[in-house]
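Undergrad: Just passing along the structure, written as structure tokens.
Just so it is clear, none of the values below were taken in a lab; they were calculated from the coordinates. All figures in this text were calculated on a predicted structure; none of them were measured in a lab. In this analysis, Cβ positions are derived from the backbone assuming ideal geometry, glycine residues included, and neighbour counts consider all displayed protein chains.
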Amino acid sequence: MASLENLPAPLPLQIVRNLADLKSLDSLQRCSPVFNIVFRQHAVEVIEHIMRETLLSDVLVEVRAYLLLLPRHCKMQTESDFHALYAQANQPLDPGTPVTAISHTLREFSFLASAADMTLRVKLDNLYALPHEHLQAGHYSHEEDLVRDEPSGVAYSVPEPSPPD
């Protein structure tokens with residue numbers, strides 16, 4: 001019987017590099033000894049690649065900053081400490097970044113992503129549970145927004161840029 005554990009050597013690394021998101025990476029490396037070994041051997045390269053492919057740049061910097069703080073076990077004392085941290089977080093991770101810090105960050109991020117998914121799912125379930133008349137004329141309808149040429153309403157209005165003085 002075929003198994004992920006029996007794949008030829010280069011394939012697990014290619015699979016890990018091409019995962020859709022950090023949550024998938026966390027799940028795979030936690031459930032498979034082979035993928036855990038591959039992840040640990042290539043942690044910086046793999047997590048950098050997946051973060052660059054899947055995260056907004058601002059989120060990427062925050063995740064790197066969190067990851068960089070873990071092995072230091074110190075508090076930020078001055079404003080210059082924060083500036084130095086974020087200057088470093090704007091760069092790719094150093095190859096010497098501890099795998100334990102990467103694994104911890106991956107678990108934390110996966111937990112947060114799962115919590116966000118669950119919250120969104122509950123909110124959507126609650127929306128779908130509303131009586132159908134809620135979506136009839138006179139009430140807000142997403143379908144109305146889809147057929148309009150231009151969005152209207154306060155939530156969609158974008159202020160015009162003011163001319164320079």
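Undergrad: With a ≥ b ≥ c taken as the square roots of the eigenvalues of the C-alpha gyration tensor of segment 7-132, please select rounded if a/c is under 1.5 and otherwise prolate if a/b is larger than b/c or oblate if it is not?
TA: Values: a/c = 2.29, a/b = 1.17, b/c = 1.96.
It comes out oblate by the Cα gyration axes.
Undergrad: Which distance in nm do the two modelled labels at Asp81 and Ile37 give, with both placed 7 Å along the Cα-to-Cβ direction?
TA: 4.1
Undergrad: Please list 48-55, 83-90 highest first by mean number of surrounding beta-carbon atoms within 10 Å per residue.
TA: 48-55, 83-90
Undergrad: Another question, if that's okay. Can you check what the net charge comes to around Val46, using other residues whose Cβ is under 12 Å from the Cβ of Val46 (Lys, Arg +1; Asp, Glu -1)?
TA: -1
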